[in-house]
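K.L.:
Before anything else, here's the structure in question.
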Amino acid sequence: MNKIQPIKSILNKALSGADISVNEAVILLTQTDAELIENIRETADILRQKQVGNTVTYVINRNLNFTNICEQHCSFCAFRRDEGENGAFWLDINQIMTKVKDAVEREATEICMQGGLNTKAKKNGTSLAYYLDIINAIKSEYPELHLHAFSPQEIQFIAREDNLSYKQVIIALQNAGVDSLPGTAAEVLDDNIRKIICPEKINSETWLEIVSLAHSLGMFTTSTMLSGHIEKPEQQIAHLAQLRALQKKAIDHQYSARITEFIILPFVGQEAPLPLRRRVNRDQPNLADTLLLTAVSRIFLGNWIKNHQPSWVKLGLKGATEALKWGCNDIGGTLMEEHITSMAGAQGGTFMSVKSLQGAIASLGRPYQQRTTLYS
């Protein structure tokens, strides 16, 4: 009874509609008893139903990575290459537009576009002009497409290369046709962890600054966490706490945009650089750990960030479907192609048909609904 009672108290607090604290979330996340973990799962599932209902959503989208040539050397990344290295690629405008055309013909409503930090990706001597050229090409041909593009890291990279402010970069991208920003490059918002897994990336403060600035300028974002490597439960929950505070700030300041969704991205180590792979000593994500984190994330964040999504690329469709019972209400997108995770050795695949996504949702007896990027 002594072991169970504190957990029940925390879960009842969440079910009453109150936010649980950081310490309470850590307690939940460090449980190992199967019965208590099931209680956590049930609570997350109930909260999901209260906050967003039973319908599971999906989006028809295409993932488009325009280059994997990158100046950085993140220790979890099997995607990046140096120029001229075997496997390096850099798509030109015609190649990009061929992929966009294919996506439209397959009824995509969204292009999700990100790339490596390629210092040679310039037009007329500037990085921003290069990026604007891509956006203008896509939007002039397909103005109805939602362009979900360029992480906070890419915003910082463009600003640094061209000696611009983050605000100038975001406004220029927005005016050209970028509709929302992916909340990637967050990894874990703990600088001690970042110094090990991504020492060349922006720090936590800069990531939070750029996302908040995007919100203030009317640009919606997503949010993510790279989990299951060297971080501890305390650092995972601290990451969630910063996302919750970021969303509260957007609401308190009455920004017209905010975070639309939260996605857990479990570490895939099969083809990752050797030092981190050896340290983690696991090729594929630990599903049980990911599911518990999924449930605790719903309990901790659900009052503020209502849409939660698993990664079928990393967990496989079966694992992602299971996550729908642990607090997730969205199964993600069709993607059509995926390089970053597949090059790391993920076994979930690179494309998922609408029929497959619908079938996975229906297997749980839940209704499904296609959505837009901004969940309308």
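K.L.:
Sort out for me the helices (runs of 4 or more DSSP H) sitting completely within the range 197-297 that have 3 or more residues that are within 17 Å of the chain's Cα centre (by Cα) and modelled with pLDDT of 95 or more.
P.N.:
Per the criteria, 204-216, 233-252.
K.L.:
Now for a different question. Tell me the residue from Asp133, Asp102 that is in contact with a Lys or Arg (Cβ under 6 Å, 6 or more places away or on another chain) and surrounded by fewer than 19 Cβ atoms within 10 Å (Cβ to Cβ), please.
P.N.:
Exactly one residue qualifies, and that residue is Asp133.
K.L.:
Next question, about the same structure. So which pairs qualify, if the first residue must be in the range 192-207 and touching a residue at least 60 places away in the same chain (Cβ under 8 Å), the second must be of a type in the set (D, E, K, R), the Cβ gap must be under 6 Å, and the two must be at least 6 apart or on different chains?
P.N.:
Cys198/Glu187
K.L.:
Can you name the number of the only condition in (1) at pLDDT below 95; (2) surrounded by fewer than 19 Cβ atoms within 10 Å (Cβ to Cβ) that Glu42 fails?
P.N.:
Going through (1) at pLDDT below 95; (2) surrounded by fewer than 19 Cβ atoms within 10 Å (Cβ to Cβ) one by one, Glu42 breaks only (1).
K.L.:
Please verify whether Val313 is modelled with pLDDT of 95 or more and either touching a Lys or Arg at 6+ places or on another chain (Cβ under 8 Å) or outside any loop (DSSP other than H, G, I, E, B) (or both), treating the condition exactly as stated.
P.N.:
When the stated conditions are applied, Val313 does not pass them.
K.L.:
Further question: Which condition breaks for Gln347 when tested against (1) modelled with pLDDT of 95 or more; (2) surrounded by fewer than 24 Cβ atoms within 10 Å (Cβ to Cβ); (3) more than 17 Å from the chain's Cα centre (by Cα)?
P.N.:
(1)
K.L.:
Name every residue in the range 139-166 that is outside any helix (DSSP H, G or I) and of a type outside the set (A, V, I, L, M), in order of residue number.
P.N.:
Selection gives Tyr142, Pro143, Glu144, His146, His148, Phe150, Ser151, Asn163, Ser165.
The values are calculated or read from the model by the stated rules, or taken from the named source; none is laboratory data. Just so you know, these numbers come straight off a predicted model, no measurement behind them. Heads up, the Cβs are rebuilt from the backbone with ideal geometry, glycines too, and the neighbour counts pull from every protein chain shown.
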